[in-house]
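Notes for the one structure printed next.
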Amino acid sequence: MNHNIYVKCDVCSAKTHCRVGLSNRTHQPIRFRCQGCGAPIDITVTLDHKQVTSDIDVGGAEMVDGNAFEGGDHFVDLHLDFPVSFGKYMMGHTPFMMAMKRIGDQNMQIHAMRLNWLNNVQEMAPQIKALFTLYVKGKHELFKEKVWEFLDGKIPCDTQLDINRALYMAIEKAFFPFAEPKRNVDAVTTITKLQMRLAKRDKAALNAFVDEIVDTGFLRNLQLDCLEIYPKIIDLELMFRPALFLDFDETYGGNTYYRVSAHEFDEVKDLFKDIAEIMSRAVVLVAGLNNLNRRGDHNKFSPAKNAPSSLKEFADWPLGLKLAQLDNCWYHIDASDIDHRLRNSIAHYKAESDKVTQVITYYPKKEGLEQATSFQLQFLDFSRKILGMFRETHRLNHLTKCLFVYYYLDMQGVKGTPFYEEDEPNG
Ligand SMILES: [Zn+2]
């Protein structure tokens, strides 16, 4: 279903025809920029599921009469759940119909299922965020109470191992729409297998590695940083909807530009930097295990020119150089979404976005006052990069979890409590 509305910009009086495709989400805050002056125009749709109606609020513009899509005025397609084209108005080419055409009925159903899940996550956002806060603050009793509510089942929360397990079950449940389920299981299996092999081969060497990352606080800090990302993803859930759609869209990648109907570059560029930084530090764990696996000592890198002398030294290296030191690595880090030029440009305030066209332009080279060499990408592609990086960080977070399990179980003798028979969680 669509709402066709006609709005007049508060700033420049330019008029825009809007074809607003409705999502299932109760509250739908949509934003686009006036093509006359660049001012933000906000359309908020609120569904009343019981009465099968919806309210529309417009900010930054006023609704005016005249619903025919006449030439001369601006036009925008808007939808929270799909990327929408920047093209001209074409009758029948609604956001929903065009999306359906691109990915087919079956994929649309999976996409819709994930979005419905996101709707629930949004409604439970305060509860989910509280779980992270309570876990980090060590408020175990309250954490137990809240995690039981969220998982809809009583699982043991008696030992540190139990609490970790409960936290990661809650994460899996809340972030299910973002998951690539098979890949996560693969990552955990790969990590566990390697750990077991290393423990069998030379337990003292593995323990020396784990001791170092635990004693220095590195493992704990990395875990906390990973955990800080999840609530931010919840806050930006609207931006990820079109990005998630691209999981299914094999036609994507041509010259067509698509609009994202919520959030803008300036609101999310820090998240890109944060995730890139966390990934860069998580590589230290991968490298330590790789050195153990290949050379029996977590500090020993492949004896090439310029190899770091220790894991500690390696930790301070930039990501690109770090990745080059992972010789025949046991784990493939998907860093393809981290564009170093883009990341450096963002870090040095040399990336800007045209809010009307959603084109991001960045200038990676140091060129004094002049910024001559530039690259561009669409905001949709940028959001897709963040999605890919978040997924990889999530997998790397499993690595921190597995190392903690090894530390508590094998080195500290902490036991995990078996699940209560009658109360397996339903999530
Ligand atoms: Zn305007």
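How many residues, within region 12-53, are near the ligand (Cβ under 9 Å from one of its atoms) and more than 22 Å from F265 (Cα to Cα)?
Total meeting the criteria: 4.
Please find, among I103, I41, the residue that is part of a helix (DSSP H, G or I) and among the β-branched types (V, I, T).
I103
Quick one: in region 54-69, which of the residues that are touching a residue at least 40 places away in the same chain (Cβ under 8 Å) and assigned to a loop (DSSP other than H, G, I, E, B) is nearest to the ligand (Cβ to nearest atom)?
Applying the filter and picking the extreme gives G60.
Return the residues of region 265-278 that are touching a residue at least 60 places away in the same chain (Cβ under 8 Å) and surrounded by fewer than 17 Cβ atoms within 10 Å (Cβ to Cβ); say none if nothing qualifies.
D266, K273
Out of D81, D152, D77, I need the residue that is under 26 Å from the mean Cα position of the chain (by Cα), assigned by TED's automatic domain parsing to the domain that holds A174 and over 26 Å from N221 (Cα atoms). Which one?
One residue alone meets the criteria, D152.
Identify, by number, the condition in (1) within 19 Å of the chain's Cα centre (by Cα); (2) without any contact (Cβ under 8 Å) to a residue 60 or more places away in the chain that A187 doesn't meet.
Only one criterion in (1) within 19 Å of the chain's Cα centre (by Cα); (2) without any contact (Cβ under 8 Å) to a residue 60 or more places away in the chain is unmet by A187, namely (2).
Report, by residue number, each residue of region 2-11 that is more than 7 Å from the ligand (Cβ to nearest atom) and in a strand (DSSP E or B).
Of everything in region 2-11, those that are more than 7 Å from the ligand (Cβ to nearest atom) and in a strand (DSSP E or B) turn out to be N2, H3, N4, I5, Y6, V7, K8.
State whether the residues of region 367-385 include one that is of a type in the set (V, I, T), under 30 Å from F176 (Cβ atoms) and either assigned by TED's automatic domain parsing to the domain that holds V268 or in contact with a Phe, Trp or Tyr (Cβ under 9 Å, 6 or more places away or on another chain) (or both).
No - not one qualifying residue is present in region 367-385.
Between a residue in region 97-114 that is on the phi > 0 side of the Ramachandran plot and any residue that is among the aromatic types (F, W, Y), which pairs come within a Cβ distance under 9 Å, given they are 6 or more apart or on different chains?
G104/F248
The values are calculated or read from the model by the stated rules, or taken from the named source; none is laboratory data. Since this is a predicted model, take the numbers as computed values, not measurements. Cβ: placed from backbone, ideal geometry, glycine included. Neighbour counts: every protein chain shown.
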